[in-house]
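Here's the structure, in structure tokens; my notes come after.
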Amino acid sequence: MSKWYGNLINRVDEGNQYVPQIEVGTPLTEYMWSDRHAYEVVEVQDQEHIKIRQYKAVRIDDNGMSDCQNYKYEHDEKSPVIELEKRRGCWYKVRRYLKSEIMADVEKRFADKTNDTKNIDTEFKWAMFNCGFTEGQWAKFNEGKEIKKYTKWNNISFGVADEYYDYSF
């Protein structure tokens with residue numbers, strides 16, 4: 001289905017692959033309404049399973065609030081790694097849920113808190129808020145099995161890293 005909103009350049013470029021093969025270091029652009037964000041591929045399992053991380057985009061021009069923007073891109077080890085999977089011709093963000101890992105994270109966050117008004121069960125409920133599990137997924141999750149959730153993310157293109165901030169919004 002065609003998208004009839006946002007920046008025309010973004011609509012034309014999204015979904016393109018400007019490289020014959022995705023490799024570690026391949027640049028990637030996420031197209032928003034009118035903004036763009038630059039990423040890099042950090043791991044390739046195969047051409048349908050990759051991991052990416054957002055570049056640290058540093059503006060290098062002196063044009064102020066202008067459409068003419070130039071950036072340099074730096075690796076950002078602090079940026080979270082995002083897992084992508086291609087399914088039925090579309091890219092999806094993958095979020096993995098494993099109870100033991102989530103509980104370890106919750107216990108660490110709970111131990112770091114000085115406020116005793118919350119208990120660990122409340123912390124766990126907050127961590128799992130809006131996970132959108134079905135009843136069957138909750139059963140598998142509570143048995144210790146991993147649950148994968150997918151979010152469609154097809155507004156990207158491989159082979160070019162481009163950052164742009166639209167000041168008109």
Run K118 past the list (1) in a loop (DSSP other than H, G, I, E, B); (2) modelled with pLDDT of 70 or more and report the number of the one that doesn't hold. (2)
Which fully enclosed strands (runs of 3 or more DSSP E) of the stretch 1-108 have 1 or more residues being surrounded by 15 or more Cβ atoms within 10 Å (Cβ to Cβ) and at pLDDT below 90? 27-31, 36-46, 90-97
Here the residues within the stretch 134-169 that are surrounded by 15 or more Cβ atoms within 10 Å (Cβ to Cβ) and of a type in the set (A, V, I, L, M, F, W, C) are F141, I147, W153, I156, F158, V160, A161
Residue list for the stretch 60-88, restricted to those being over 27 Å from N154 (Cβ atoms) and in contact (Cβ under 8 Å) with a residue 60 or more places away in the chain: M65, S66
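The values are calculated or read from the model by the stated rules, or taken from the named source; none is laboratory data. Just so we're clear, the structure is a prediction, and the values are computed from it rather than from any experiment. So basically every Cβ, Gly included, is an ideal-geometry build from the backbone, and we count neighbours across all protein chains shown.
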